[in-house]
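The values are calculated or read from the model by the stated rules, or taken from the named source; none is laboratory data. Just so it is clear, the model here is predicted, and its values are computed rather than measured. Ideal geometry is used to build each Cβ from the backbone, glycine not excepted, and the neighbour counts take in all protein chains shown. Please note that ligands, DNA and RNA were not included when accessible areas were found on the heavy atoms of the full protein model with its side chains. Shrake-Rupley method; radii C 1.70, N 1.55, O 1.52, S 1.80 Å.
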Amino acid sequence: MVSSSLVPHTHYGPVTALKFIPNTEFLIAGYGPFIKIFNYKTGDSIPLSKTHEDVKIFEKNKIHGIVISKPHSSSEPTNVNVLFYGGRSVSVLNFQTDILHGSSNNRLSVHETACNDWVISGDFHYADPKSIYLLTAHNIVIDASIVGDNLGGLQVNGSYNCNEKSILYSGSFTVLNDEVYVFSGTVMSGIYVWKLGRATTSGEVLHHLTGHEGSIFGIKSNDDATLAVSCSDDRSIKIWDLKTGNNIATGWGHGARIWYLEFFNLSTQVMSCSEDLTIRIWDFDIENGELECKKVIEGHSGKNVWAGAVNQQQLIGASGGNDGKIRLIDLDTTGDDTHELSVEYLTSLNYGKSVNFAKNETIKTVISGSPEGSNNDDLLIITSYCKIFHVSQNYSQVKLLNFSHELLQQKTITETMHFVNNFFAVSHIENDEWSIMVLTASSGYQLFVTLDGSLNVKDVTEFSILDLVDSPFSKITGVFPISKTPNFTYFLFESPNPNDPFIFIKYDVIKLQYLTESLTLLEKPKTRFTLTAYDYDETYGYLILGSRFVTMTVYDLHSKTTTNVLSPLQTWKKFLPGDTISQIKVVKALTESLLVWISLRDGTYLTLEISRNLNSGDQEDVIIQGFENLSLTNQTSNLKIDICQQNRVSKGGFLEGCIETKSSFQVGDRYIDDSTNILLYGFKSDYFYLYNETKGYEVWTELCGGSHRMWKLVYPKKQITDDLNQFRFYYVKASMLVIKNMVILPAHKFAKDLLVEGTHGREIRDIAISTTAKSVNNDNSVIYKLLATGSEDNTIKISKLLLNTNDHACQIKNYWTQRLHVSGLQSLKFLNDQYLISSAAREEFFIWKINDGTLGDDSKLYVHCYDTLVPSVAGNPDLRIMDFDYLPIYDNNNNNNTVERSLQGFFLCLVYSNSFIKVFYYDLVNKKFHLMVDDYYKDICILTIKFVVHSQKIHMVIGATDGFLTVYDVPVPAGLQMQNGNDGAALVGEYHHSDGAAAAKLGRPVITQQIHQNGIKTMCVSNRSESIDIVTGGDDNALGLFTLTFDNNGTITSGTIKAFSEDAASSTITSISPVSTSQFLVTSVDQVVRIWNTVDGLHLVDAKYVTIADTGSSDTTTFEDVAGNKIAVGAIGGVGLSVWKINND
Amino acid sequence: MGKSSKDKRDLYYRKAKEEGWRARSAFKLLQLNEQFQLFKGVRRVVDLCAAPGSWSQVLSREIYEKNVDGESEPKIVAVDLQPMSPIKGVTTLQADITHPKTLSKILDIFGGEPADFICSDGAPDVTGLHDLDEYIQAQLILSALQLTTCLLKPGGTFVAKIFRGRDIDLMYAQLGYLFENVICAKPRASRGTSLEAFIVCRNYTPIPGWTPQLKLNQSTEEFFEDASIARKNKLGDKLENYLPTEERHIAPFVACGDLSSYDSDATY
Ligand SMILES: C[S@@+](CC[C@H](N)C(=O)[O-])C[C@H]1O[C@@H](n2cnc3c(N)ncnc32)[C@H](O)[C@@H]1O
């Protein structure tokens, strides 16, 4: 009998504790029972085991607290002892010898000792790193010491109590030279502050702090125990004077429970982390008794931020979430790189020469190079009356530019009112050595001002663009430069009159002149069109313009003939629900198409593939409304559009655009540089935000007052790496120009603001792994399969499950988070490597299309919703699709070759919480669901369904809350043949669904058999040649093995319970995944993962504790390395995700 | 334990409204009783964590109102952190059951006479830290057990809500020291998607040679220190090395409530 064993490999889950080691660059993170060590300065994770496995401190218990002893000497800051506690477990280890150098065997948990009760807090003795205090959940302090190493346990020196043994939710110590203070946060009766007496057992209550409502979730004092800070169920933060016991300040702001609190900066500030997913920095003013929230950082997703830490010397904060993310925060709020320039300021610095400003004259706009590269960071500031100031890089020098150009001066003066009330555009063309500023008046009159490297005026030329246009043109209200090469820039001019065309023209930056032959007049679309976004692609000559009401138009400038008038090639009106298109950006040109990024101000963003429609006839506007139909092409359109990526920003507010950045990561000993991050920016209420959509955290915010102000975001045009500091944000507020240099990464402090990416912040309900392995580097050194996880947080994450074929290190790296579902995910299945199917509560059922490397050569995954099944019952939000299964249907052009044959569609079976059973034929090519079977079981909820295929017959097996397994026959439609491939059963042939056909009933079940006492939660089917095994897992802790036998025609002859293990687990069995035809990986809520063998009954092969709570899902797969070794891997999900190797002995 | 909108659509919720129960939980106790005849011969009951009071209503109806022979006045005491509106024949007490003072108050009410049946449907506010939630839940059960050892007559029954999390097998092992028969029962009125179940512990057998003594300044852990109930709780001279071999046991599972009764997972 083959018996497999389970080896834990990598774990992604809640961060339960964090601690900086003083005077070093190390940060310790507790991930449940495991630790990870980081160098916070470089952002690197320190490998603790050669095989890249996680290192365990405790066998099962989670680390809830980490305490560092004082160093033996200041020259050896890493020679410190570390106290870990969590649950009833305690361990004291030396950081240098045990953790950094001693853990390669991955067995640090041999040092774990057990306390007699839950440990709430712990600390070291004042001068003895071998002695510790532990505070238990019944408010008792235990004093214990290590003898030798702690392999033989910890010796108990005594215990203390203060006569109040109520249950605690929180607590802490402050150990001073001569006193030990204990702070106890109770469930019902406030906070006790007590100190240890001279004799063991004694304790004196100093204060009983009442004033909070509900349970106390945090209480901590400052270093000298003069102040304490606390929080409770009531969501407030209170500061207490420990001399008097008075509550001296209270701060409100968090929207949910607070889990971490710490004083810093000489007790003048407090950091807090909360269930509301924010980290807050508070200023505490002891004089006035005020606690004011200074900064809110939204660093996490899902639910809860459990852990926090403060590096007091460096003023760095760290937060750790239920989502597994670790976020670093610069706690120094004083050094903010902000500059506020007013008109008065400009004149005061103008070489002592005063400038005459008109009343109401304010700063209108600013011109600057991108912060990258250009050796000049000077600015040009333009006032509403067209005065131009040059401001030096450090804002210390200001000069009013004085062009010796009469015309401008005159025009400025004569047309002052005109400028102010209308529009005055400034464009800026940049080159390595010089830059050109273009000032355009609404009359079409333009000045090209060439500036040298120090932004001194070198040359001024003038031009009138309207002189080139014969036809009448009202006025210019918008000028949009499009820079594609250093030598040329295109200009697009807009007028408010719908009858005026757009003017498009090329400008030669070297010769400083327009190429007049390039002038093109673009007729506006027939629909109302106000330009809000644009981009131009030179490869295909497509100029893409966006407007309000999700309206977009494309001009083909390569099709320009002798007349210089062009009409739109194609216009799409309201092609999605939503309002303004806020950004259009050509991503890249593919061989026959163009990839274009589009953001809508209301938060949707998409990537479109635009190509010629080969069947096109006469051009006609395409109007598409509603979401169900994503096809943006009709028979008569010139262009074909495919949505290849669509999502909604998680942030809300107004989405203005996106920036892509690159980052790299490591899988075992290999370094991979292929991860694209999407940074979205926009406004939410009063804030401007920069949000890393890929990794799911807020990078930066600025309280600027909202999007109605003049604002500009400047960033490098070159590809940006994770080094995000080169952003600058300008806005005008209260007639001041505010310049914000976004100091995202204070380089002297840390190099990455997100140390760990993490995963879902809520329970993972299902996992699916794709079948085909692909190579990352083209050399097979790192291979991967796609891994999808669906969570209670309503999102689907599509990741790569990566395997280093050299050291077999495994890693999960998220590439995409899809947010279209609005309820908790229920099931996920890969149809093949291109399609993923998902269902969520509230009858949501989506088919996703994934482009992995098929759109150009990059590693980005493009994911969009290909189709959705319309809910069967309108308005019943409680009706859930409980499970589904599918049978692929391939065309028969390509015999057995599973790779070459093409998928035409699939049969889909669904079961519902109201007992419905439905079978559909889904036509993948024409995107159509055809209902074939519509039936129901009996008045109860069906939990699970599987197609079972045997000798040319199709059956369906369902498991319901009554513990019965029921088998139905499904007639095989004519023309289809059954085939068993590597990737499971499939149908091959031509299938045509006749549209008129009414949905059939299932008829009587072939078999109904009670297997479990109540709900059959999960099933796994194993095809053997003679028979089919169905392994069932129940809510009754049991596992069943049910075998179906068949005659030669594939008719079921019997169904027998071959084996039943009634205590297969001590809790609900939640998932079963195949390891081989006779071995199965089984998860259950008791947090034990087991392997069962089904040869001659049910035999337990291996059982291991899994640290993921609410264990509810799994999937398995097998990789093959270059040498042909098979590496079986299992992924287990719950509150977190863990990866296991399954070894076959 | 607030009512989510999901509860409101639930058939049991509607049925409870119709039949005048304060919570749908009533059906859980009724289904447990159907299976185990919990109320047979029972006259003196403690209902712990009882608010809003549907279990007390069931107890009042089944024990107080059906008390026809009237040989002795039945006694039902209901305790909760939350206030409860009065129920006929039920003495209510607003208190924390993890506090030893509460237990001695209950003992006072019973005036030295034993109870026949003790039940607890208690559940703490969920924090989301699964291990902490499990610990607090276990503390509620231990407090109830503390009362049980002081008040329950030998042979009596104890029923308590559990969540079948990771250490539930440890709890089963502990209960095995106090009761002859321990079963994990799941009424059909509990949702299949919830981890909630009930331990039904029958035939209370006091631990030989151990006299439970309630002291006001004593924690639950200390109370059970000298009673050998599977887990070592006494603080000794040493914090021992972690023992993964703590006694564990899986209690038999029984689904109760008629298969024809309503399915709490179904959408009707
Ligand atoms: C599910 S409800 C009980 C419902 C009740 N059986 C009924 O049928 O109406 C759980 C109760 O446990 C109570 N509870 C939680 N912790 C408690 C404690 N330490 N002491 C007393 N009651 C507690 C809560 O206040 C809550 O009312």
- Once the mean of 1/r over all distinct C-alpha pairs in segment B:55-137 is inverted, the Kirkwood radius in Å reads 14.6 Å
- For chain B, just run the numbers: alpha carbon Rg, then divide by 2.2 N^0.38 Å, N being how many residues it has. 0.99
- Over the whole of B:123-136, what's the average partner chain Cβ count within 10 Å per residue? Rounded to a whole number, please. 6
- Message: Expected output is a single nm value to one decimal: the length gained when fully extending between A:Y126 and A:L590, i.e. 0.36 nm times separation in residues minus the C-alpha distance. What is it?
- Response: 160.3 nm
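Diagonalise the Cα gyration tensor of segment A:658-742 and give the resulting equivalent ellipsoid semi-axes, square root of 5 times each eigenvalue, largest first, whole Å.
Computed over segment A:658-742, the values are 30, 13, 9 Å.
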- Item | Unit charges on C-beta of K, R, D, E only; dipole of chain A, Debye | 680 debye
- Query: From the Cα gyration tensor of segment B:88-231, with a ≥ b ≥ c the square roots of its eigenvalues, which class applies: rounded if a/c is under 1.5, or else prolate if a/b is larger than b/c, or else oblate?
  - Reply: rounded
- Message: Using the Karplus curve 6.51 cos²θ - 1.76 cosθ + 1.60 with θ = phi - 60°, what ³J(HN,Hα) values do you get for each residue of segment A:230-245, in whole Hz, with x for Gly and Pro?
- Response: 9, 8, 8, 3, 6, 6, 8, 10, 10, 10, 10, 8, 7, 6, 9, x
- Given A:Y671, A:G696, A:L713, which one lies farthest toward the positive end of the charge dipole of segment A:658-742, if we put +1 on the Cβ of every Lys and Arg and -1 on the Cβ of every Asp and Glu? A:L713
- Task: Please identify which residues in segment A:1006-1041 have an amide N closer than 19 Å to a label point set 7 Å out from the Cα of A:S951, following the Cα→Cβ vector.
- Result: A:1006-1007, A:1022-1030
- Query: Can you give me the Cα centroid spacing of segment A:484-522 and segment A:776-850 in angstrom?
  - Reply: 45 Å
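Trypsin sites (Lys or Arg not before Pro), restricted to segment B:54-162: which are DSSP loop and have at most 14 other Cβ atoms within 10 Å?
B:K66, B:K88
So what is the 222 nm mean residue ellipticity for chain A from helices alone, if each DSSP H run of at least 4 adds -39500 (n - 2.57) and you divide by all residues, rounding to the nearest 500 deg cm²/dmol?
The helix-only estimate for chain A comes to -500 deg cm²/dmol at 222 nm.
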- Query: When we measure straight from the Cα of A:K359, which lysines land under 16 angstrom away, once same-chain ones fewer than 8 places off are left out?
  - Reply: A:K387
- Note on the structure: With the 8 Å Cα cutoff and a minimum separation of six or more residues, chain A has a relative contact order in percent of 7 percent
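Multiply the residue separation of A:E179 and A:N487 by 0.36 nm, subtract the distance between their alpha-carbon atoms, and state the gained length in nm to one decimal.
Extra length from A:E179 to A:N487 when fully extended: 103.4 nm.
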- Message: Translational diffusion coefficient of segment A:93-139 at 20 °C, 1.002 mPa s, Stokes-Einstein with Kirkwood Rh over Cα pairs, in µm²/s as a whole number.
- Response: 171 µm²/s
- Task: Pop a pseudo-label 7 angstrom from the Cα along the beta-carbon direction at both A:H992 and B:E225 and give the gap in nm to one decimal.
- Result: 8.6 nm
- Query: Quick one: if the Förster radius is 30 Å, what FRET efficiency do A:N892 and A:S1054 give, using the C-beta to C-beta distance and rounding to 0.05?
  - Reply: 0.35
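Mind running the shape call on chain A? Use the C-alpha gyration tensor, a ≥ b ≥ c as the square roots of the eigenvalues: rounded below 1.5 for a/c, prolate if a/b tops b/c, oblate otherwise. Display every interim value, and only then the final one.
Working: a/c = 2.25, a/b = 1.14, b/c = 1.97.
Oblate, since a/c reaches 1.5 and b/c is not below a/b.
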- Item | Rh (Kirkwood; distinct C-alpha pairs) - segment A:10-52, Å | 10.9 Å
- A/B buried area, accessible surface, summed, 1.4 Å probe, Å²: 5600 Å²
- For the pairs A:K651/A:K800; A:K19/B:K238; A:K130/B:K101; A:K475/A:K740; A:K573/A:K733, note any where the Cα-Cα span goes beyond 29 Å. A:K130/B:K101; A:K475/A:K740; A:K573/A:K733
- Out of A:L802, A:L83, A:I279 - ranked by how far each Cα lies towards the positive end of the dipole of chain A, with unit charges on the beta-carbon of charged residues - the top one is A:I279
- Item | Karplus-derived 3J(HN,Hα), 6.51/-1.76/1.60, for each residue of segment B:212-229, Hz, glycine and proline x | x, 9, 7, 10, 5, 9, 9, 7, 4, 4, 5, 4, 8, 3, 9, 8, 7, 10
- Note on the structure: The correct pair for segment A:760-874, radius of gyration to one decimal and Dmax as a whole number, both in Å and from Cα atoms, is 14.8, 53
- Using a simple spin-label model with points 7 Å from Cα along the Cα→Cβ vector, what separation in nm is obtained for A:E292 and A:S202? 4.6 nm
- In the structure displayed, which of A:K484/A:K695; A:K36/A:K1141; B:K66/B:K161; A:K752/A:K1126; A:K574/A:K918; A:K684/A:K797 lie more than 28 Å apart, Cα to Cα? A:K484/A:K695; A:K752/A:K1126; A:K574/A:K918
- Item | Pairs of Cα atoms farther than 23 Å apart, segment A:60-193, % | 32 percent
- Query: If you plug each phi of segment B:112-119 into the Karplus form 6.51 cos²θ - 1.76 cosθ + 1.60 with θ = phi - 60°, what whole-Hz ³J(HN,Hα) values come out, in order, with x for Gly and Pro?
  - Reply: x, 7, x, 9, 9, 8, 10, 10
- What are the extents of the Cα atoms of segment A:997-1145 along their three principal axes, listed from largest to smallest and rounded to whole Å? 44, 39, 39
- Query: What is the gain in length, in nm to one decimal, between A:M710 and A:E462 on full extension, counting 0.36 nm per residue of separation less the C-alpha to C-alpha distance?
  - Reply: 86.6 nm
- Could you grab the relative contact order for chain B? Cα pairs under 8 Å, six or more apart, rounded to a whole percent. 19 percent
- Across peptide A:953-965, what mean number of C-beta atoms from other chains lies inside 10 Å of a residue's C-beta? 2
- Query: With each label point set 7 Å from Cα along the Cα-Cβ vector, what nm distance links A:S45 and B:T193?
  - Reply: 3.2 nm
- Between the alpha-carbon centers of segment A:952-1017 and segment B:60-139, tell me the distance in whole angstrom. 51 Å
- Task: Take segment A:1021-1094, compute every pairwise Cα distance, and split them into 10 Å bins from 0; I just need the percent in each bin.
- Result: 21, 48, 24, 7, 1
